[in-house]
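What follows is a set of notes on a single structure, which appears directly below.
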Amino acid sequence: MKKLSIIAALLISANLLNAKVELPSVISDNMVLQQNTDVALWGKAKPGSKVTVKPEWTNEKFTTNADKVTGKWLLRVKTPSAGGPYEINFNDGEEIKVSNVLIGEVWYCSGQSNMEMPMKGYRSQPASGAAEFIAKAKKSRPIRLCNIECNSSTQVLEHSNGMWEEHTPQAVANTSATAYFFAEELQSVIDVPVGIVVSSWGGSSIETWIRRDYLEKDFPELEYGHLDGKKEVRAVQQDPCLLFNGQVAPLVPYTFKGMIWYQGETNRGRENQYIRLQETYVRMMRELFCIPDAPFYFVQIAPYPYDKAEDWTSGYFYEAQQKSLDVIPNSGMAVTCDAGEYGTIHPAAKKEVGHRLAFLALERNYGINAINADSPVYRSAEFTEGKAIVEFDTRDDEGLSPMGRNIQGFEISGDDRIFHKADAYVNDGNKVIVSSKDVPEPVAVRYCFRNWCYGNLYNNYGIPAAPFRTDSWDL
């Protein structure tokens, strides 16, 4: 046995001596690196060896030493303005190359099934308008796609399956529709390469995307025994930390411009906890990826009947998502109260969602200030003469739309706390007049607050108003 151990050790040593630089899958041919910053590059090499990285866009060489035991190394490389394609040479005594690298804007895209849903759709659940974009996808267009395979782990992993792909019909068809429509709109406007890294899993909870040490301090009520083998894993895409371990950790510390997020259906019913969880998630991502000011744009979950269409559980969750904007700096929310489908939790209107996320980024991060990407939000309500006069925060020169049509989604109640469908119309720019013949003395208004709802109140750029309530009742 001792002799076999010595032989095994010698074989391992020989392999290490013959090793060349190993790179994580996210650092591969066809990748996009964030422009005008110091991007992270890392991997493994011969233990103790000198690692040299030579990008084609500069005459400068970047060097570091691999760890003497593990062979791990990490360095940061300065990137130029958008351009490419380039090669990058990695050398620890034996050279490897990464080719067809573009410099541009890189966004991380994550969440559950409405982020995961590909352009080709799910069975009997299409993404509207996807066929046109799939058919006309060309390699020459500088959009690159990196889809991380679903992987759940009780231990933190170093590697994931997911390589960068060029902009081909096949690659587009298999990429997140929400993320793709975001990237496509972004690239068409800013006219530089855009890369998206998509790491999502249907039915996942937010706590499974968060690292253990970030969770344990503030959320002792969650279960962690499955991470130590003390309890069985109950749900591979929901138990705390499992998807962080399998799908996020292997990407750290790739350099992103920002993040988009479409998740929450699994956390409905825990709205107060969700606000804190989402703040923790964003703080973790910004710290681990060394992007402290990275924008975070998320989607308010779409209407769906769930157990009962008339229940208010989604409304309370909408409210929690709205409140997240107050505790997460540099965040924005895409509202979807006009984009649900009664028969499926995966609505087809992914282009609208992706574009609303893109409008937030374009306005806030890329200087396209001629549009207003923010949803009108409730400011105050006055109850007088059997009506509610509801005022919204909007830009002074815009107001609300549409004028001259009944606005759907409003409900009104008296002291009995029974809400009735209401008539509503835009008045005086940023005000909506709400009334119902069934409520002669109204005291409360709600808008798109039930599980199943539809609202058609917008700003001048087609951005829907956010759901709200004027009361604090627990019905």
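The values are calculated or read from the model by the stated rules, or taken from the named source; none is laboratory data. Being a predicted model, the structure only gives us computed values, none of them experimental. Quick reminder, even Gly has a Cβ in these numbers, built from the backbone with ideal geometry, and neighbours come from all protein chains shown. Remember, those area values only see protein heavy atoms, side chains included, never the ligands or the DNA or RNA. Shrake-Rupley method; radii C 1.70, N 1.55, O 1.52, S 1.80 Å.
Mind listing whichever residues of segment 372-396 are touching a residue at least 60 places away in the same chain (Cβ under 8 Å), open to solvent by 30 Å² or more (accessible area, probe 1.4 Å) and among the hydrophobic types (A, V, I, L, M, F, W, C)?
Passing the criteria: Val377, Ala381, Phe383.
Checking Asp423 against (1) open to solvent by 40 Å² or more (accessible area, probe 1.4 Å); (2) over 30 Å from Asp397 (Cα atoms); (3) modelled with pLDDT of 95 or more, which test does it fail?
Result: Asp423 passes all but (2).
Tell me which helices (runs of 4 or more DSSP H) are completely within segment 154-245 and hold 1 or more residues being in contact with a Gly (Cβ under 9 Å, 6 or more places away or on another chain) and either among the aromatic types (Phe, Trp, Tyr) or in contact (Cβ under 8 Å) with a residue 12 or more places away in the chain (or both), or say none if there are none.
So the answer is 177-190.
Under the condition of being more than 35 Å from the chain's Cα centre (by Cα) and assigned to a strand (DSSP E or B), which residue from segment 385-405 is farthest from His420 (Cα to Cα)?
Per the criteria, the residue is Ile389.
Residues to consider are Lys78, Lys97; find the one that is open to solvent by 80 Å² or more (accessible area, probe 1.4 Å), over 20 Å from Trp164 (Cβ atoms) and modelled with pLDDT of 95 or more.
Lys78
Of all residues in segment 40-75, how many are open to solvent by less than 70 Å² (accessible area, probe 1.4 Å), without any contact (Cβ under 8 Å) to a residue 24 or more places away in the chain and under 18 Å from Lys97 (Cβ atoms)?
Within segment 40-75, residues that are open to solvent by less than 70 Å² (accessible area, probe 1.4 Å), without any contact (Cβ under 8 Å) to a residue 24 or more places away in the chain and under 18 Å from Lys97 (Cβ atoms) number 2.
Does segment 347-398 hold any residues that are among the aliphatic types (A, V, I, L, M), over 26 Å from Met117 (Cα atoms), modelled with pLDDT of 95 or more and touching a helix residue (DSSP H, G or I) at 6+ places or on another chain (Cβ under 9 Å), and which are they? Even if it seems obvious, please write down each step before you answer.
First pass over segment 347-398, keeping only residues among the aliphatic types (A, V, I, L, M): 348-349, 353, 357-358, 360-362, 368, 370-371, 373, 377, 381, 388-390.
Retained after the next criterion (residues that are over 26 Å from Met117 (Cα atoms)): 368, 370-371, 377, 381, 388-390.
Checking the rest, the ones that are also modelled with pLDDT of 95 or more come to 368, 377, 381, 388-390.
Once the filter is applied, which keeps residues that are among the aliphatic types (A, V, I, L, M), over 26 Å from Met117 (Cα atoms), modelled with pLDDT of 95 or more and touching a helix residue (DSSP H, G or I) at 6+ places or on another chain (Cβ under 9 Å), segment 347-398 yields Ile368, Val377.
Under 8 Å by Cβ, and 6 or more places apart or on different chains, what pairs join a residue from segment 436-448 that is free of Cβ contacts under 8 Å to residues at least 40 places away in the same chain and among the acidic types (Asp, Glu) with one that is open to solvent by 10 Å² or more (accessible area, probe 1.4 Å) and in a strand (DSSP E or B)?
That search, which allows pairs on different chains as well, returns Asp438/His420.
Please determine whether any residue of segment 124-141 is charged (D, E, K, R) and touching a strand residue (DSSP E or B) at 6+ places or on another chain (Cβ under 6 Å).
Among the residues of segment 124-141, not one is charged (D, E, K, R) and touching a strand residue (DSSP E or B) at 6+ places or on another chain (Cβ under 6 Å), which makes the answer no.
Assess whether Ser199 counts as being closer than 24 Å to Glu319 by Cα and surrounded by 20 or more Cβ atoms within 10 Å (Cβ to Cβ). Before the answer, list the steps.
On the way: closer than 24 Å to Glu319 by Cα: no; surrounded by 20 or more Cβ atoms within 10 Å (Cβ to Cβ): yes.
Considered against the rule, which asks whether it is closer than 24 Å to Glu319 by Cα and surrounded by 20 or more Cβ atoms within 10 Å (Cβ to Cβ), Ser199 comes out as no.
Of the residues in segment 101-137, how many are part of a helix (DSSP H, G or I) and open to solvent by 10 Å² or more (accessible area, probe 1.4 Å)?
7
Could you please tell me which pairs satisfy a Cβ distance under 8 Å, a separation of 6+ or placement on different chains, a first residue in segment 22-39 that is open to solvent by less than 10 Å² (accessible area, probe 1.4 Å) and of a type in the set (D, E, K, R), and a second residue that is modelled with pLDDT of 95 or more and in a strand (DSSP E or B)?
Listed by first residue and then by second, the contacts come to nothing, as the list is empty.
Checking the condition of a type outside the set (S, T, N, Q) and farther than 25 Å from Asn372 by Cα, which residue from Ile433, Ile412, Ile407 passes?
Result of the check over Ile433, Ile412, Ile407: Ile412.
Can you name the number of the only condition in (1) open to solvent by 60 Å² or more (accessible area, probe 1.4 Å); (2) touching a residue at least 12 places away in the same chain (Cβ under 8 Å); (3) at positive phi that Gly399 fails?
Unmet for Gly399, out of (1) open to solvent by 60 Å² or more (accessible area, probe 1.4 Å); (2) touching a residue at least 12 places away in the same chain (Cβ under 8 Å); (3) at positive phi: (1).
Taking segment 317-351 on its own, how many of its residues are in contact with a strand residue (DSSP E or B) (Cβ under 9 Å, 6 or more places away or on another chain), touching a residue at least 40 places away in the same chain (Cβ under 8 Å) and either of a type in the set (D, E, K, R) or part of a helix (DSSP H, G or I) (or both)?
Summing the residues that are in contact with a strand residue (DSSP E or B) (Cβ under 9 Å, 6 or more places away or on another chain), touching a residue at least 40 places away in the same chain (Cβ under 8 Å) and either of a type in the set (D, E, K, R) or part of a helix (DSSP H, G or I) (or both) in segment 317-351 gives 7.
Closer than 20 Å to Lys323 by Cβ, open to solvent by 40 Å² or more (accessible area, probe 1.4 Å) and assigned to a loop (DSSP other than H, G, I, E, B), is that true of Arg417?
So Arg417 fails the test.
Going through segment 453-475 one residue at a time, which ones are within 22 Å of Thr313 (Cα to Cα) and β-branched (Val, Ile, Thr)? It would help to see each step written out before you state the result.
So in segment 453-475, the residues within 22 Å of Thr313 (Cα to Cα) come out as 453-457, 464-475.
Of everything in segment 453-475, just one residue is within 22 Å of Thr313 (Cα to Cα) and β-branched (Val, Ile, Thr), namely Thr470.
If you take the residues of segment 421-472 that are among the hydrophobic types (A, V, I, L, M, F, W, C) and part of a strand (DSSP E or B), which of them is nearest to Ala334 (Cα to Cα)?
As a first pass, look at segment 421-472 and keep what is among the hydrophobic types (A, V, I, L, M, F, W, C): 422, 424, 426, 432-434, 439, 443-445, 448-449, 452-453, 457, 463, 465-466, 468.
Then keep just the ones that are part of a strand (DSSP E or B); that gives 424, 426, 432-434, 444-445, 468.
Working: Ala424: 23, Val426: 22, Val432: 21, Ile433: 25, Val434: 25, Ala444: 25, Val445: 22, Phe468: 15 Å.
Ranking the qualifying residues of segment 421-472, first place goes to Phe468.
Per-residue answers, yes or no, for (1) at positive phi; (2) within 33 Å of the chain's Cα centre (by Cα); (3) of a type in the set (D, E, K, R):
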| site | (1), (2), (3) |
| --- | --- |
| Pro376 | no, yes, no |
| Glu411 | no, yes, yes |
| Asp423 | no, no, yes |
| Asn430 | no, yes, no |
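Got at least one residue in segment 116-125 being closer than 29 Å to Glu22 by Cα and not small (Gly, Ala, Ser)?
yes
Please give the strands (runs of 3 or more DSSP E) falling wholly within segment 29-96 in which 1 or more residues are of a type in the set (D, E, K, R) and touching a strand residue (DSSP E or B) at 6+ places or on another chain (Cβ under 8 Å).
Answer list for segment 29-96: 38-44, 50-55, 72-78, 83-91.
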